[in-house]
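Structure, as C-alpha coordinates:
The values are calculated or read from the model by the stated rules, or taken from the named source; none is laboratory data. Values in this document were obtained by computation on a predicted structure and should not be read as measured data. Glycine also receives a Cβ, built like all others from the backbone with ideal geometry; neighbour counts cover every protein chain displayed.
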(Lines give C-alpha, C1' and ligand atoms only; values in the text may rest on other atoms or scores of the structure.)
Protein backbone atom coordinates (compact mmCIF):
# COMPACT_ATOMS: atom_id res chain seq x y z
CA UNK A 1 0.00 0.00 0.00
CA UNK A 2 1.43 3.38 -0.97
CA UNK A 3 0.91 6.55 0.97
CA UNK A 4 0.61 9.15 -1.73
CA UNK A 5 -0.26 12.63 -0.57
CA UNK A 6 -3.83 13.49 -1.37
CA UNK A 7 -4.42 16.35 -3.73
CA UNK A 8 -5.96 19.31 -1.93
CA UNK A 9 -8.72 21.06 -3.83
CA UNK A 10 -8.89 24.74 -3.03
CA UNK A 11 -12.46 25.95 -2.75
CA UNK A 12 -13.38 29.43 -3.92
CA UNK A 13 -13.12 31.82 -1.01
CA UNK A 14 -14.89 34.87 -2.42
CA UNK A 15 -17.99 35.39 -4.56
CA UNK A 16 -15.58 36.68 -7.23
CA UNK A 17 -13.76 33.35 -7.33
CA UNK A 18 -17.02 31.44 -7.03
CA UNK A 19 -18.57 33.23 -10.02
CA UNK A 20 -15.49 32.45 -12.11
CA UNK A 21 -13.53 35.69 -11.82
CA UNK A 22 -13.80 38.68 -14.21
CA UNK A 23 -15.19 37.14 -17.43
CA UNK A 24 -18.58 36.09 -15.99
CA UNK A 25 -18.92 39.46 -14.24
CA UNK A 26 -18.22 41.22 -17.55
CA UNK A 27 -20.80 38.99 -19.25
CA UNK A 28 -23.37 39.82 -16.56
CA UNK A 29 -22.82 43.57 -16.96
CA UNK A 30 -22.87 43.45 -20.77
CA UNK A 31 -26.09 41.45 -20.67
CA UNK A 32 -27.59 43.93 -18.18
CA UNK A 33 -26.87 46.99 -20.33
CA UNK A 34 -27.87 45.21 -23.55
CA UNK A 35 -31.24 44.39 -21.98
CA UNK A 36 -31.62 47.91 -20.62
CA UNK A 37 -31.02 49.33 -24.10
CA UNK A 38 -33.23 46.91 -25.99
CA UNK A 39 -36.21 46.14 -23.74
CA UNK A 40 -38.94 48.82 -23.60
CA UNK A 41 -39.84 47.58 -20.09
CA UNK A 42 -36.67 49.35 -18.91
CA UNK A 43 -37.30 52.66 -20.71
CA UNK A 44 -37.40 54.84 -17.58
CA UNK A 45 -34.19 53.25 -16.34
CA UNK A 46 -32.49 53.76 -19.69
CA UNK A 47 -33.58 57.40 -19.80
CA UNK A 48 -31.65 58.34 -16.66
CA UNK A 49 -28.36 57.12 -18.15
CA UNK A 50 -26.15 58.87 -20.67
CA UNK A 51 -26.48 58.05 -24.36
CA UNK A 52 -23.11 56.30 -24.42
CA UNK A 53 -22.98 53.48 -21.86
CA UNK A 54 -19.35 52.51 -22.49
CA UNK A 55 -18.06 54.13 -19.31
CA UNK A 56 -20.96 52.79 -17.24
CA UNK A 57 -20.34 49.25 -18.49
CA UNK A 58 -16.70 49.46 -17.46
CA UNK A 59 -17.46 51.10 -14.14
CA UNK A 60 -20.15 48.60 -13.12
CA UNK A 61 -17.91 45.70 -14.10
CA UNK A 62 -15.05 47.08 -12.01
CA UNK A 63 -17.38 47.80 -9.10
CA UNK A 64 -18.91 44.31 -9.11
CA UNK A 65 -15.49 42.67 -9.41
CA UNK A 66 -14.31 44.58 -6.32
CA UNK A 67 -17.62 44.15 -4.47
CA UNK A 68 -17.38 40.39 -4.99
CA UNK A 69 -13.87 40.24 -3.58
CA UNK A 70 -11.75 40.58 -6.71
CA UNK A 71 -9.25 43.28 -7.66
CA UNK A 72 -10.23 46.66 -6.22
CA UNK A 73 -9.62 48.70 -9.38
CA UNK A 74 -12.94 50.56 -9.04
CA UNK A 75 -12.00 51.82 -5.58
CA UNK A 76 -8.45 52.64 -6.71
CA UNK A 77 -9.84 54.75 -9.58
CA UNK A 78 -12.34 56.49 -7.27
CA UNK A 79 -10.64 56.99 -3.89
CA UNK A 80 -13.16 57.51 -1.11
CA UNK A 81 -16.12 56.67 -3.35
CA UNK A 82 -18.85 54.17 -2.66
CA UNK A 83 -21.72 53.01 -4.84
CA UNK A 84 -24.07 55.45 -3.10
CA UNK A 85 -21.82 58.45 -3.76
CA UNK A 86 -21.36 57.32 -7.35
CA UNK A 87 -25.14 57.60 -7.85
CA UNK A 88 -25.75 60.68 -5.68
CA UNK A 89 -25.81 63.10 -8.62
CA UNK A 90 -27.88 60.83 -10.83
CA UNK A 91 -31.33 62.31 -11.44
CA UNK A 92 -34.38 60.10 -11.77
CA UNK A 93 -33.65 57.42 -9.20
CA UNK A 94 -37.03 56.44 -7.78
CA UNK A 95 -39.12 53.33 -7.06
CA UNK A 96 -39.84 52.80 -10.76
CA UNK A 97 -36.24 52.98 -11.93
CA UNK A 98 -35.05 50.93 -8.95
CA UNK A 99 -37.61 48.22 -9.76
CA UNK A 100 -36.59 48.28 -13.42
CA UNK A 101 -32.92 48.04 -12.39
CA UNK A 102 -33.65 44.96 -10.28
CA UNK A 103 -35.82 43.35 -12.95
CA UNK A 104 -33.16 43.96 -15.58
CA UNK A 105 -30.35 42.68 -13.34
CA UNK A 106 -32.40 39.62 -12.40
CA UNK A 107 -32.93 38.89 -16.08
CA UNK A 108 -29.25 39.47 -16.82
CA UNK A 109 -28.29 37.10 -13.98
CA UNK A 110 -30.38 34.21 -15.34
CA UNK A 111 -27.29 32.26 -16.46
CA UNK A 112 -25.68 32.70 -13.06
CA UNK A 113 -28.93 31.69 -11.33
CA UNK A 114 -28.92 28.41 -13.25
CA UNK A 115 -25.27 27.67 -12.43
CA UNK A 116 -25.22 28.90 -8.83
CA UNK A 117 -28.69 29.83 -7.52
CA UNK A 118 -27.45 30.60 -4.02
CA UNK A 119 -24.81 33.06 -5.22
CA UNK A 120 -27.25 34.72 -7.63
CA UNK A 121 -29.90 35.11 -4.93
CA UNK A 122 -27.41 36.50 -2.44
CA UNK A 123 -26.08 38.99 -5.00
CA UNK A 124 -29.56 40.10 -6.06
CA UNK A 125 -30.76 40.47 -2.46
CA UNK A 126 -27.79 42.73 -1.68
CA UNK A 127 -28.39 44.74 -4.84
CA UNK A 128 -32.05 45.18 -3.94
CA UNK A 129 -31.04 46.54 -0.56
CA UNK A 130 -28.64 49.00 -2.21
CA UNK A 131 -31.39 50.08 -4.60
CA UNK A 132 -33.81 50.77 -1.74
CA UNK A 133 -31.16 52.85 -0.01
CA UNK A 134 -30.50 54.85 -3.20
CA UNK A 135 -34.23 55.55 -3.57
CA UNK A 136 -34.47 56.67 0.06
CA UNK A 137 -31.46 58.97 -0.33
CA UNK A 138 -32.83 60.43 -3.56
CA UNK A 139 -36.19 61.11 -1.87
CA UNK A 140 -34.48 62.75 1.11
CA UNK A 141 -32.37 64.93 -1.18
CA UNK A 142 -35.44 65.97 -3.17
CA UNK A 143 -37.37 66.79 0.00
CA UNK A 144 -34.44 68.84 1.31
CA UNK A 145 -34.26 70.72 -2.00
CA UNK A 146 -37.99 71.47 -1.90
CA UNK A 147 -37.68 72.67 1.71
CA UNK A 148 -34.83 75.05 0.86
CA UNK A 149 -36.66 76.35 -2.23
CA UNK A 150 -39.69 77.36 -0.15
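Restricted to region 25-51, and to residues there that are within 18 Å of the chain's Cα centre (by Cα) and part of a loop (DSSP other than H, G, I, E, B), the residue that is nearest to residue 98 (Cα to Cα) is 48. Within region 129-146, residues that are part of a helix (DSSP H, G or I) sit with their Cβ atoms under 7 Å from residues that are loosely packed, with under 13 Cβ neighbours inside 10 Å, at 6+ positions apart or across chains, in these pairs: 133/84; 134/84; 135/95; 137/84. Going through (1) in contact with a helix residue (DSSP H, G or I) (Cβ under 7 Å, 6 or more places away or on another chain); (2) assigned to a loop (DSSP other than H, G, I, E, B) one by one, residue 74 falls short only on (2). Regarding region 27-44, can at least one residue be identified that is buried (at least 21 other Cβ atoms within 10 Å of the Cβ) and farther than 17 Å from residue 104 by Cα? Within region 27-44 (the criterion being buried (at least 21 other Cβ atoms within 10 Å of the Cβ) and farther than 17 Å from residue 104 by Cα), the answer is no, since none of the residues qualifies. Beta carbons closer than 9 Å, at least 6 apart along the sequence or on distinct chains, pair a first residue in region 69-81 that is closer than 18 Å to residue 25 by Cα with a second that is modelled with pLDDT under 95 and outside any helix (DSSP H, G or I) for 69/13; 69/14; 70/14; 70/21; 74/81; 75/81; 75/82. So, residue 116, is that one touching a residue at least 60 places away in the same chain (Cβ under 8 Å) and over 24 Å from residue 47 (Cα atoms) or not? The answer is yes for residue 116. For first residues located in region 1-24 and assigned to a helix (DSSP H, G or I), partners that are modelled with pLDDT under 65 and lie 6+ apart or on another chain with Cβ distances below 9 Å form the pairs 18/12; 19/12.
Here's the yes/no breakdown for (1) surrounded by fewer than 17 Cβ atoms within 10 Å (Cβ to Cβ); (2) within 17 Å of residue 22 (Cβ to Cβ):
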| site | (1), (2) |
| --- | --- |
| 52 | yes, no |
| 64 | no, yes |
| 76 | yes, yes |
| 82 | yes, no |
| 98 | no, no |
| 104 | no, no |
| 109 | no, yes |
| 125 | yes, no |
| 128 | yes, no |
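All conditions in (1) in contact with a helix residue (DSSP H, G or I) (Cβ under 6 Å, 6 or more places away or on another chain); (2) closer than 24 Å to residue 34 by Cβ; (3) touching a residue at least 40 places away in the same chain (Cβ under 8 Å); (4) assigned to a helix (DSSP H, G or I) hold for residue 102, with the sole exception of (3).
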